[in-house]
Amino acid sequence: MSLNNNDFAALNCYTSSSNNYQLENSMSLEALRRRVARPKSSIQLCLLGVGAGLIAAMLIIIFRVVVLIGQRAFIPEYDNFTDMPELERLYLPIIAAFLIGLFAFMTGFKHYRLGIPYVIHRIKTNYGQMPIWNAANQFVGGAIALISGFSVGREGPSVHMGAAGASVFASYLHLPYNAMRTLSGCGVAAGIAASFNTPLAAVIFVMEVVLREYKVHIFVPVILSAVTGAITTQFVFGAGSELSIINVVPISPWHYPYLILCGVILGAIAYAFNHNLMLIIRTFKPISMFPRLILAGIITGIIGYLVPQAMGSGMSAIDIAVTDPNNIELLTTILIAKLFATLFALGLGIPGGIIGPVIGLGVVIGSLMSYVANYINPEISVTGTYAVLGMAGLLAATLHAPLAALMAVMELTASPEIIVPAMLVIVPAYITALQVFGNRSIFLQQLDFQGLTYQVSPAVEALQKVGVLDEMDENFKLLYSDDKQQIAESLNAVDTQTPLIVFDDENGYRLAEYDLSLSADESISIQYIPMTGISSQSTLGDAFDVLKDKRSGAIYIYDMLDNNQIVGLIRWDDIRHILTIRSAVL
């Protein structure tokens, strides 16, 4: 087959059009990266937040569908193991623990750091970049744990997978690290919103617990991501909440003194819960992971054999607390059994979240507390209201997230009358746990025990919000030579505001400039400042880490896709100016 001149012309035209399209696409991506490198609100960052939320929601929908289909093979109703044969309740968690350990062994035990504490660590120290195999362990292990009735929540896997999906999305676009961290926070918000259909509480949780800061340019995309996660999952699972079965009624001010007392009790319970969970983690740390998982399966199997209502993420316990609130003996039995099931499942390393079980425990505790409250106004049953308030107080004190707990109550009940009573429970619960017992967030306690850092200095934290693409000096000259005469001529040819970077194989990249410290009678000489390079994905925090010891010098910025292409440089004086003048606005 031969080509005539017209064919060659058409082929050249097609090739030229293709190259132009690739060039335009590359330029548009570069403009996007430069825009999101700034610590300011933008349409681009908002749209990226929506994309991250959509990806996170799709992952969580798949996860929830897998759990639903898996449970359908054993039980007819989601999270209700009461109709399951006794022996099956005994051996199912043991088999599940073996499968979780087997998958962890196949993927490498080093990839078994999971859940919300690990996500906090990665967002604070690695800009939210999540290893893929950790996410795979979280998906598979979390699904197996929930299917088999372990007392863990689905929000742990949801948060982990949401952050992982968002970080992969940001990595695919080669976004600056400051934008990647924001998108990881967006993924966390979408994960929480998709799990509980509480977008506002998800936003507050991200700001209060995960990022631990409130900045508008981060707040806006996180809001959009949470809304995207909630709306997307509503198309599949409906707009209703799983706690809609709880009947919330307004309560009179006569209840308020008792609510404060309930808050104090919930604060003490939260401290006891966190303290004993960490005690179990420390006690069994010397034992290797596989025996710990099997032990968790055995304990859960025995508890499930005796008290099936204590199995699962907490919906079974909530259903009993709502439908049979006067059965004090049964509720007390469920509370004790579920407390042990939760502590040993989480403490021995079963992959899953803590929020779901804490919600279940809080509802049961609140229902028990309503036994006394019903005597205040005997004509009105306030069991549902106290069940929700118990959940709010225990969440606030356990996670150290009072505002997120309040938002969750408001969204789950859709009742403005719950706000004041919730505040009267949440505040004393939080203060009692914090000041009286010295309780700390369970997530931070886990991070400290694992030796995972989550704190950075205020200076670095401010600088990490700015990508080097936004602050680098692009007006420079690059000379590939070590000839002193040629370097001197190049310095004479450029103005004093244009830096000269020279490169040779022996010395690498150096900043060449005249030595202005010489006295008048000395001949002018050239001084060279060695330079280290960082990727254009980096932030000013990374530049600060390189230059902080010398408190002087400069670094060059190379293209993230081609480390031989220099795109700019940053001096120490630029970073110092930002820290001393602009840090307050970052």
Practice item. Counting only C-alpha contacts under 8 Å and six or more residues apart, can you give the relative contact order of the chain as a whole percent? Key: 16 percent
Study note, to complete from the structure: For residue 217 the rounded accessible area (nearest 10 Å², probe 1.4 Å, non-protein molecules ignored) is 20 Å²
Revision key, fill the gap. With all protein chains in place and a 1.4 Å probe, residue 127 shows an accessible area in Å² (nearest 10) of 20 Å²
Point to revise | For the stretch 263-400, with +1 on Lys and Arg beta carbons and -1 on Asp and Glu, the positive-most of 342, 328, 395 along the dipole | key: 342
Practice item. Please give every one of the lysines within straight-line cross-link reach of residue 548, meaning a C-alpha to C-alpha distance under 22 Å, and leave out same-chain neighbours fewer than 8 residues apart. Key: 124, 465
**Study point:** Charge-dipole axis of the chain as Lys and Arg at +1 and Asp and Glu at -1 on Cβ define it, positive-most pick from 99, 232, 558
**Key:** 99
Study note, to complete from the structure: To the nearest Å², the heavy-atom accessible area per residue of the stretch 144-273 with 1.4 Å probe amounts to 31 Å²
Review point. For the chain, which whole-number percentage of the solvent-accessible area (1.4 Å probe, protein heavy atoms only) is attributable to carbon and sulfur atoms?
Key: 60 percent
Revision key, fill the gap. Projecting the Cα atoms of 57, 84, 74 onto the charge dipole of the stretch 47-90, where Lys and Arg contribute +1 and Asp and Glu -1 at Cβ, the residue farthest towards the positive end is 57
Study note, to complete from the structure: With +1 on the Cβ of every Lys and Arg and -1 on the Cβ of every Asp and Glu, the dipole magnitude of the stretch 264-400 about its Cα centre, in debye rounded to the nearest 20, is 620 debye
Review point. Taking the structure as given and computing Cα Rg over 2.2 N^0.38 Å, which label from [x] 1.16; [y] 1.48; [z] 0.97 fits?
Key: [x]
Point to revise | Whichever aspartates and glutamates have a C-alpha closer than 15 Å to that of residue 285, once near sequence neighbours (fewer than 8 apart) are set aside | key: 448
Exercise for review: Figure the gain on full extension for residue 481 and residue 561 (residue separation times 0.36 nm, minus the Cα-Cα span) and round it to one decimal in nm.
Suggested key: 26.4 nm
Practice item. Assuming a ≥ b ≥ c are the square roots of the Cα gyration tensor eigenvalues, decide whether the stretch 24-144 counts as rounded (a/c under 1.5), prolate (otherwise, with a/b larger than b/c) or oblate. Key: prolate
Study note, to complete from the structure: For residue 484, counting only aspartates and glutamates whose alpha-carbon sits under 19 Å away and dropping same-chain residues fewer than eight positions off, the answer is 495, 504, 505, 506, 513, 515, 522
Practice item. Specify whether the C-alpha gyration tensor of the stretch 369-512 places it in the rounded, prolate or oblate class, a ≥ b ≥ c being the square roots of the eigenvalues: rounded for a/c under 1.5, otherwise prolate if a/b is larger than b/c and oblate if not. Key: prolate
Review point. Where nothing but the Cβ of Lys and Arg (+1) and of Asp and Glu (-1) is charged, how large is the charge dipole of the chain around its Cα centre, in debye to the nearest 20?
Key: 1320 debye
Check your understanding: Sorted by accessible area with a 1.4 angstrom probe, largest first, how do 82, 532 fall?
Key -> 532, 82
Study note, to complete from the structure: Nearest-0.05 FRET efficiency for residue 460 and residue 532 at R0 = 30 Å, using Cβ-Cβ distance, is 0.95
Review point. Where the centroid of each part is defined by its Cα atoms, how far is the stretch 272-309 from the stretch 221-238 in Å?
Key: 34 Å
Check your understanding: In degrees, nearest 10, range 0 to 90: what is the angle between the Cα axis of helix 43-72 and the longest Cα principal axis of the chain?
Key -> 40 degrees
Practice item. Compute the long axis of helix 5-36 from its Cα atoms, compare it with the longest principal axis of the Cα atoms of the chain, and write down the angle in degrees, 0 to 90, nearest 10. Key: 60 degrees
Revision key, fill the gap. In degrees rounded to 10, the 0-90 angle between helix 115-125 Cα long axis and the longest Cα principal axis of the chain is 20 degrees
Exercise for review: Assuming a ≥ b ≥ c are the square roots of the Cα gyration tensor eigenvalues, decide whether the stretch 228-309 counts as rounded (a/c under 1.5), prolate (otherwise, with a/b larger than b/c) or oblate.
Suggested key: oblate
Point to revise | Mean residue ellipticity (222 nm) of the chain, computed from DSSP H runs ≥ 4 via -39,500 (n - 2.57), nearest 500 | key: -20000 deg cm²/dmol
Point to revise | For residue 275, solvent-accessible area (1.4 Å; no DNA, RNA or ligand), Å² | key: 90 Å²
Review point. What full-extension length gain, to one decimal in nm, is calculated for residue 105 and residue 551 as 0.36 nm per residue of separation minus the Cα-Cα distance?
Key: 156.0 nm
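The values are calculated or read from the model by the stated rules, or taken from the named source; none is laboratory data. No experiment lies behind these values; they were computed from the predicted model shown. Virtual Cβ from ideal backbone geometry, glycine too; neighbours counted across all protein chains shown. Please note that ligands, DNA and RNA were not included when accessible areas were found on the heavy atoms of the full protein model with its side chains. Shrake-Rupley method; radii C 1.70, N 1.55, O 1.52, S 1.80 Å.
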